[in-house]
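One structure below.
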Amino acid sequence: MKLVTLLPSATEIIARLGLEKNLVGVSHECDFPEAVASLPKLTSSRINTDLSSGNIHQSVMKVMKSAVSVYDLDVDLLKSLQPDFIITQDLCDVCAVSFEQVEKACQEVLDKNTRIISLKPKMLGDIWDDVQSVADQLSVSLKGREFKAEADARIKAVQTRSENSIAPKVLTVEWLDPIYIGGMWLPEMIDIVGGQICIAKSGQLAPVVKKEDLVRIEPDVVVVKPCGYKLDQTLKELELLREQLPDWKNPPRIYLVDGNSYFNRPGPRILDSLEILAYCTHPELFADFGERYKAAIIELGPEN
């Protein structure tokens, strides 16, 4: 059974289901587990991701307005691989190759028996359902159920430890210029860790806000996790972050988190993201998580 995954979360799902050995091709953004780095890359981006967040946003908007995809799909490589299954998404054309691109490529160059599995998660429950759906279609249903049992246990453990604590107001920043607030599954995660949700609503796209919108709220915690950014790229935009956030009367605790690896990938590591969020929300209750994920978290102090 030959598998192709066209987004990082799909690759991580396949690995979690014990099917990593069946992968024959991945997207250019797939970087976990590390072994997938040597696999053929079927996609590439039309956007220079080394630009500032504002310039990246403008470039994406320009490309999309011209009705051109943000990503290219290597159709010739896909044809040579002849996968049995392609796991892709039908949620966000900025996040990965569009479903229409994949469907068209399949019709043009692949065997009619090639099947497309499309993921479209908006809530945590959708992520668990996607994992089980992939497991069922790839004949490893038990692995899917094992993952769901793990997810339930880890969520319950976080809820139990935080259930009697004071709920701080938690703001998660998805992008810096313009400012996007984490939507979809993020509000649900904030609720699970015992925080109060700011601005965004569960299951809805990340809302765009202005600085004056943020002035009206007084968050206790701000988690900055730009989509697709590793920590070093976020650190390069610290000055911009300071400009974008208000001078709140009571300064919140501000954390920078590896947004490329966590939070924005609706796959197995969303559970790690939940534990990172638990630490940021209640560092006194989840010090062990702070230690476990210390390489992915930076707390900004007054000197920053």
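The values are calculated or read from the model by the stated rules, or taken from the named source; none is laboratory data. Keep in mind it's a predicted model, so treat the numbers as computed, not measured. Ideal geometry is used to build each Cβ from the backbone, glycine not excepted, and the neighbour counts take in all protein chains shown.
The figures follow:
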quantity	calculated
Selection from region 227-261 of residues that are among the hydroxyl-bearing types (Ser, Thr, Tyr) and either at pLDDT 95 or above or touching a Lys or Arg at 6+ places or on another chain (Cβ under 6 Å) (or both)	255
Those residues of region 214-256 which are free of Cβ contacts under 8 Å to residues at least 24 places away in the same chain and over 22 Å from the mean Cα position of the chain (by Cα), in sequence order	216, 239, 242, 243, 247
Filtered residue count, region 100-137, keeping only those that are closer than 14 Å to residue 86 by Cα, modelled with pLDDT under 95, surrounded by fewer than 18 Cβ atoms within 10 Å (Cβ to Cβ) and not β-branched (Val, Ile, Thr)	9
Residue satisfying all of: in region 160-176; within 18 Å of the chain's Cα centre (by Cα) and not hydrophobic (A, V, I, L, M, F, W, C); modelled with the lowest pLDDT among these	174
Residues satisfying the stated conditions in region 245-274, i.e. crowded, with 21+ Cβ neighbours inside 10 Å and in a helix (DSSP H, G or I)	270, 273, 274
Residue that is farthest from residue 169 (Cα to Cα) [pool: residues in region 185-200 that are within 17 Å of the chain's Cα centre (by Cα) and modelled with pLDDT of 95 or more]	185
Lone unmet requirement of (1) closer than 25 Å to residue 152 by Cβ; (2) crowded, with 22+ Cβ neighbours inside 10 Å; (3) of a type in the set (Val, Ile, Thr) for residue 221	(1)
Members of region 229-244 that are touching an Asp or Glu at 6+ places or on another chain (Cβ under 9 Å) and not acidic (Asp, Glu)	229, 230, 231, 233, 234, 240, 244
Test: residue in region 161-171 that is surrounded by fewer than 16 Cβ atoms within 10 Å (Cβ to Cβ), in contact (Cβ under 8 Å) with a residue 40 or more places away in the chain and at negative phi	yes
